[in-house]
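A short worksheet on the structure shown next.
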Amino acid sequence: MRFCFSNFTRGTKLIATGSELGQRPLRLRKSDRREQIVLELKLRPHVRISEMVKRFDVSSETIRRDMDELGRAGRIEREHGGASAPTYGHQPGFGERNRARLAEREAIGKSAAALVQPGQTLMIDSGSTTFQMARYIAFVGVRCTIITNSLEIAMVAGLSEKARVILCPGDFLPSEAATVGDEAVDFLGRFQTDACFIGASALTDEGMFESVPGFAAVKKAMLKQSNKKHLLIDSQKFDRTGFRRIGLLDEVDSLVVNEEPEGELRDVLDQSRVRVLVTGEPKQEPKMGETK
């Protein structure tokens, strides 16, 4: 017998779907069906569209749409005729990253926090560098509203009496203390904010990339819903490859970093008119009417 575990925000329930019962498979909601596909790929390396069609008693077009959406969210690897479990290089968890290169990340976080104006509404994604930014916002006591998918950021920002914190629902990633998935992305789509502050696993002349499953979709949603877009990144992540792309460089307004980018990366940043804000240098928002 196979079971489907529904989204934790609605409570846990078991739904029998196997033909072992000698019955027609039960029809599942779209979100439950997609979670079942993800669960199946935790048990075996590959599933085919034809198998899922029989299992869920839906059309091949429906399963194809499910897999396409899960692939865009970074939760599976889409392949011809089916899907496989996502393959990523080793990605340290939030706790491990938060202890590494602390001085660099604190400097980036402090510089990014200085960009926030009183009264603004912000989106801040889960990450060890964005966490440092949230710490400084709370320490200074900036009056603002923060929408985040990070439990750690929500907790530290919530220490400030002047910050209103809104935490995204969704599928919980224990290693990241963060939420991802369709619910998180749909929730972000309800808001239009003054600015977003996101991190990334890698930055090249071809764009911004992410390695944590589900994070790329959350970051894309934040970029789409924000008027100003800021990327916070350690220079050690320059010119890494092999991750899921978040977007092109011209999709952000500014890059907050601890060292100047060089070579082709710098050339594309200049061509894309991205302001590069290096920690320790003066940081100013453009005047009213100026472009990035």
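Data table
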| item | result |
| --- | --- |
| Test for E206: is it in contact with a helix residue (DSSP H, G or I) (Cβ under 7 Å, 6 or more places away or on another chain) and either in the same structural domain as R135 (by TED's automatic domain parsing) or of a type in the set (D, E) (or both) | no |
| Contacts under 6 angstrom Cβ, first residue in the stretch 29-45 being at pLDDT 85 or above, partner small (G, A, S), 6 or more apart | D32/S6 |
| Selected residue [among the aromatic types (F, W, Y) and modelled with pLDDT under 85] from F56, F3 | F3 |
| Criterion (closer than 30 Å to L41 by Cα and either modelled with pLDDT under 95 or within 14 Å of the chain's Cα centre (by Cα) (or both)) met by exactly one of K287, K220, K292 | K220 |
| Selection status of V212, in a loop (DSSP other than H, G, I, E, B) and among the β-branched types (V, I, T) | yes |
| Hits in the stretch 119-145 (condition: without any contact (Cβ under 8 Å) to a residue 60 or more places away in the chain and over 20 Å from A103 (Cα atoms)) | G119, G141, V142, R143, C144, T145 |
| Test: S226 is hydroxyl-bearing (S, T, Y), within 30 Å of A85 (Cα to Cα) and either touching a Ser or Thr at 6+ places or on another chain (Cβ under 6 Å) or surrounded by fewer than 16 Cβ atoms within 10 Å (Cβ to Cβ) (or both) | no |
| Among the candidates F197, F187, F215, F191, residue that is at pLDDT below 95 and in the same structural domain as D253 (by TED's automatic domain parsing) | F215 |
| Residue count, the stretch 131-169 (criterion: in a helix (DSSP H, G or I) and either within 13 Å of A195 (Cα to Cα) or among the charged types (D, E, K, R) (or both)) | 2 |
| Residue, modelled with the highest pLDDT, within the stretch 59-110, restricted to residues that are aliphatic (A, V, I, L, M) and within 20 Å of the chain's Cα centre (by Cα) | I108 |
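Matching residues to (1) in contact with a His (Cβ under 9 Å, 6 or more places away or on another chain); (2) closer than 30 Å to R34 by Cα; (3) buried (at least 20 other Cβ atoms within 10 Å of the Cβ):
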site: P118; (1), (2), (3): no, no, no
site: M123; (1), (2), (3): no, yes, yes
site: A134; (1), (2), (3): no, no, yes
site: V140; (1), (2), (3): no, no, no
site: I147; (1), (2), (3): no, yes, yes
site: E152; (1), (2), (3): no, yes, yes
site: A163; (1), (2), (3): no, no, yes
site: D182; (1), (2), (3): no, yes, yes
site: A195; (1), (2), (3): yes, no, yes
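The values are calculated or read from the model by the stated rules, or taken from the named source; none is laboratory data. Computed from a prediction, not measured in an experiment: that's the story for all the values here. Cβ atoms come from the backbone with ideal geometry, glycine included; neighbour counts cover every protein chain shown.
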